[in-house]
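A short worksheet on the structure shown next.
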Amino acid sequence: MKIGNTAVPSGVAQVGQTPARGAAEGARSAGNSAAEAVNSSTTVKLSSAAQSMLDGADGSFDAAKVAQVQQSIADGTYRINAEAIADKLISNAQDLLGKIDSAR
């Protein structure tokens, strides 16, 4: 930024201006470019490795286990098992590398 440059980025409140007003003005000016972006033809293509990871994810979780971990953290009794974490990381890395190799 040059000294004496008085340009203020859109969405930034100026002195004497409330943050909400500055954000609203920025949103209005960003809205025009957002409308232009929606009308453009942008295509997203996932790699085969990324798609295979998504295919294996079912989105479910064990709510009881989450509640148990939350409670143990709150109680101060939660213990981290570094060896188990390391084993899982290695296993996951091996699985991922195997999927990448098989996708080639």
* Selected residue [at pLDDT 85 or above and surrounded by 10 or more Cβ atoms within 10 Å (Cβ to Cβ)] from GLN68, GLN14 -> GLN68
* Asked: Has region 79-91 got any residue that is at pLDDT below 95, in a helix (DSSP H, G or I) and not small (Gly, Ala, Ser)?
  -> no
* To do: Could you give me the residue pairs with C-beta distances under 8 Å whose first residue belongs to region 43-61 and is under 19 Å from ASP95 (Cα atoms), whose second residue is of a type in the set (D, E, K, R) wherever it lies, and which are 6+ apart or on separate chains?
  => ALA49/LYS99; SER52/LYS99; MET53/LYS99
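The values are calculated or read from the model by the stated rules, or taken from the named source; none is laboratory data. Because the structure is a prediction, the values reported are computed rather than measured. For neighbour counting, all protein chains shown are included, and Cβ atoms are generated from backbone atoms with ideal geometry for every residue, glycine included.
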